[in-house]
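Below is one structure, written out as structure tokens, with a few remarks after it.
The values are calculated or read from the model by the stated rules, or taken from the named source; none is laboratory data. Values in this document were obtained by computation on a predicted structure and should not be read as measured data. Quick reminder, even Gly has a Cβ in these numbers, built from the backbone with ideal geometry, and neighbours come from all protein chains shown.
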Amino acid sequence: MKHIKDTSMHTDRWALAACCMASLMPVAAAVAAEGPEHCAAPSDLRLLSGRWQAQALVHVSTGVASSQQELQLEVGANGEIRGQRSWEARNTNPGAIRGRDRLGNPTFRDVQPMIGWIQPRTCRIVLVELEDRGQARGWLRRDASGPVLDLEISQSGNGAVVLFATFQRSTNQPSSTTPDR
């Protein structure tokens, strides 16, 4: 009789676990569905190579400031990315908020070489700085103007920074796919 009772208790635990997991499934599905509604990756990912620009509010340890952000990307056929991110403060008046360069010095502009990937099936993008702790994560999507990159950029440590930016392809400057080093 003891064996039957233990089996019943074991079955009840599994039933309770299954019930709890079923109630969590919609939440897990919502998390997995995060990102753009329609993936906008071109069949030839190399078409994403070029210069991308954004205006962004940047939060650094000394405050919040407006900046011009730029990405120069060279995207390979498999989604591998090499390039750079540059930024420049919009306000450089005395007392203006400064960022930090990769050596930790206060500055109003900097350039960081980066590598990364774009996953063509989900349009997920991940970029990391080669000489610092910065990283960018986000999505490729399409709006009325064409493809855009929605990125969250962050860095911890001495040059801590957090920003959200929507990058659009630059139309007024020639594209260069060779990163400055």
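The table that follows gives values for the structure above.
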quantity: Search result, residues across segment 69-90 that are exposed (fewer than 12 other Cβ atoms within 10 Å of the Cβ) and closer than 16 Å to Val58 by Cβ; calculated: none
quantity: Subset of segment 91-108 that is under 18 Å from Arg133 (Cβ atoms) and touching a Lys or Arg at 6+ places or on another chain (Cβ under 7 Å) - its residue that is surrounded by the fewest Cβ atoms within 10 Å (Cβ to Cβ); calculated: Pro106
quantity: Enumeration of residues in segment 121-138 that are under 15 Å from the mean Cα position of the chain (by Cα) and buried (at least 19 other Cβ atoms within 10 Å of the Cβ); calculated: Cys123, Arg124, Ile125, Leu127, Glu129, Gly134, Ala136, Gly138
quantity: Some residue of segment 112-129 being more than 25 Å from Leu47 (Cβ to Cβ) and of a type outside the set (A, V, I, L, M, F, W, C); calculated: no
quantity: Flag if Glu88 is under 14 Å from Ile153 (Cα atoms) and part of a strand (DSSP E or B); calculated: no
quantity: Residue under evaluation Ala32, criteria (1) modelled with pLDDT of 90 or more; (2) more than 17 Å from Pro147 (Cβ to Cβ); (3) hydrophobic (A, V, I, L, M, F, W, C); (4) within 17 Å of the chain's Cα centre (by Cα), criterion not met; calculated: (1)
quantity: Selection status of Ile118, over 17 Å from Gln69 (Cα atoms) and buried (at least 16 other Cβ atoms within 10 Å of the Cβ); calculated: yes
quantity: Filtered residues of segment 33-85 (kept if in contact (Cβ under 8 Å) with a residue 40 or more places away in the chain, farther than 20 Å from Arg142 by Cβ and in a loop (DSSP other than H, G, I, E, B)); calculated: Ser61
quantity: Residue ID - farthest from the chain's Cα centre (by Cα), chosen from residues in segment 36-68 that are surrounded by 18 or more Cβ atoms within 10 Å (Cβ to Cβ) and β-branched (Val, Ile, Thr); calculated: Val60
